[in-house]
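These notes concern the structure reproduced below.
No value in this document is a laboratory result; all are computed from the given coordinates. If you're wondering where the values come from, they're calculated on a predicted model, not measured in any experiment. Because the Cβ atoms are built from the backbone with ideal geometry, glycine has one as well, and the counts that use them run over all protein chains shown.
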């Protein structure tokens, strides 16, 4: 049986000052009148009924997200005692699902992606489910539309098979975020996709990779899995969780995983990782500005301006800037430096200014 697992524990530091610890980006309405988390759940239907959609997050965030998706069973929220990156989150989901269904196949997704063609997205997941049935690890690769230096890449190997209209390739390796000349070459060669971070695998296949590459983490996860559904489940999780290595899926699993296939897709995908990314997915005015209510822009172009403070924000003669105004903090930066907003958060944390985090 195929299950969706949405990882929703991120902090969204690059979307400060709107994204905060108590209300990070997955809980925000950044696109339309639905939160990023609600979008992530909405686009899974009808391929996944609510009982087969699981969420990995922390207890505090679960209290925020549960009311947003009342159709999801409360028991489908898998709670991490503390954040330990994406590989432990996926491993915890795997042992939880296997305790319910020994034949579980899982789709790893995140709560902060934006996808335009949701029908094509679901069709690709259904095709990936077929490919993963024999133990193959499958990832959806995004066909690049520009030479991005902000995404990792996957090199496409030989073509293997066509499933439901989707061509499946052998993965020839994962590549970290390249410099611009390298990214431009990747785009020109046409043999590379962006690494979307969406993976499809049998739950037992993922745990086999843990056993091979992260044996101590695997042992801890198996002890956690053995306690699922018992009165000692929470106690065992609390004891064993620190023994699961803090590492990402890419570094901990995918870089050295065996038998990996890629399905390239063109689904209107965007990783909403910064304020500038919203300029690429939201409709702008005739000057390319994306403006919220209470914003006046005169002779200004290519800018994202959002007022959440109740104040009027006015721009005059500005180009390619990001302005986000909240009741207690104001962000102003060049559009091209939007990725660096996380440095503001790091500085605030270093200076002990927790009230702004």
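Consider a paramagnetic label point 7 Å from the Cα of residue 251 along Cα→Cβ; state which residues of the stretch 38-58 have an amide N under 19 Å from it.
none
First measure r as the distance between the Cβ atoms of residue 134 and residue 59, then evaluate 1/(1 + (r/R0)^6) with R0 = 45 Å and state the FRET efficiency to the nearest 0.05. Present the calculation step by step, with values, prior to reporting the outcome.
Details: r = 37 Å, r/R0 = 0.82.
With a Förster radius of 45 Å, E is 0.75.
Report the Cα centroid-to-centroid distance between the stretch 11-45 and the stretch 209-259 in angstrom, as an integer.
After rounding, the separation between the Cα centres reads 27 Å.
Using 0.36 nm per residue, how much length does the chain from residue 159 to residue 226 gain when fully extended, once their Cα-Cα distance is taken away?
This chain segment gains 20.2 nm when fully extended.
So if the hydrodynamic radius of the stretch 275-356 is defined as the Kirkwood radius over C-alpha pairs, what does Stokes-Einstein give as its diffusion coefficient at 25 °C and 0.890 mPa s, in µm² per second?
In µm²/s, the coefficient is 185.
Counting only DSSP beta bridges with both residues in the chain, tell me the antiparallel percent, nearest 5. Walk me through the intermediate numbers first.
Values: 30 of 61 bridges.
In the chain, approximately 50 percent of DSSP beta bridges are antiparallel ones.
Is the shape of the stretch 207-256 best called rounded, prolate or oblate, per the rule: a/c under 1.5 gives rounded, else a/b larger than b/c gives prolate, else oblate, with a ≥ b ≥ c the square roots of the Cα gyration tensor eigenvalues?
prolate
Considering just Cα atoms, how many Å³ per residue does the convex hull of the stretch 213-357 enclose? Could the numbers behind the result be given before it?
On the way: hull volume 31.4 nm³, N = 145.
Once divided by residue count, the hull of the stretch 213-357 is 217 Å³.
Helix 118-132 sits at what angle to the longest principal axis of the chain, using alpha carbons and giving 0 to 90 degrees rounded to 10?
With both axes taken from Cα atoms, the answer is about 30 degrees.
Stretched out fully, how many nm does the piece from residue 211 to residue 350 gain, at 0.36 nm a residue minus the Cα gap? Can you show the working numbers first?
Working: separation 139, 0.36 × 139 = 50.04 nm, distance 3.70 nm.
My answer for the length gained is 46.3 nm.
For an R0 of 41 angstrom, estimate the FRET efficiency from the Cβ-Cβ distance between residue 119 and residue 292 and round to the nearest 0.05.
Calculated transfer efficiency: 0.85.
Give me the number: length gained by fully extending residue 100 to residue 204, i.e. 0.36 nm times residue separation minus the C-alpha to C-alpha distance, one decimal in nm.
Contour length minus Cα-Cα distance gives 36.2 nm.
Would you mind checking the stretch 192-212 for residues with the amide N under 18 Å from a putative spin-label position 7 Å along Cα→C-beta of residue 170?
Once the point is set 7 Å along Cα→Cβ of residue 170, 192-193 turn out to lie under 18 Å by backbone N, inside the stretch 192-212.
From the gyration tensor of the Cα coordinates in the chain, what semi-axes in whole Å does the equivalent ellipsoid have, largest first, with each one equal to sqrt(5λ)?
For the chain, the ellipsoid semi-axes come out as 34, 26, 19 Å.
Using only the Cα atoms of the stretch 20-125, build the gyration tensor, take square roots of its eigenvalues as a ≥ b ≥ c, and label the shape rounded, prolate or oblate: rounded if a/c is under 1.5, else prolate if a/b is larger than b/c, else oblate.
Details: a/c = 1.62, a/b = 1.07, b/c = 1.51.
It comes out oblate by the Cα gyration axes.
Only Cα pairs within less than 10 Å get springs; with that Gaussian network setup on the chain, which residue of 118, 182, 230 has the largest fluctuation?
Answer for the Gaussian network model of the chain: 230.
Relative to the first principal axis of the alpha-carbon coordinates of the chain, what is the inclination of helix 215-227, with its axis defined by its Cα atoms, in degrees from 0 to 90 and to the nearest 10?
Around 80 degrees separate the two axes.
Helix 341-350 sits at what angle to the longest principal axis of the chain, using alpha carbons and giving 0 to 90 degrees rounded to 10?
For helix 341-350, the angle is close to 80 degrees.
What distance in nm separates the two pseudo spin-label positions at residue 34 and residue 143, each 7 Å out from Cα along the beta-carbon direction?
2.4
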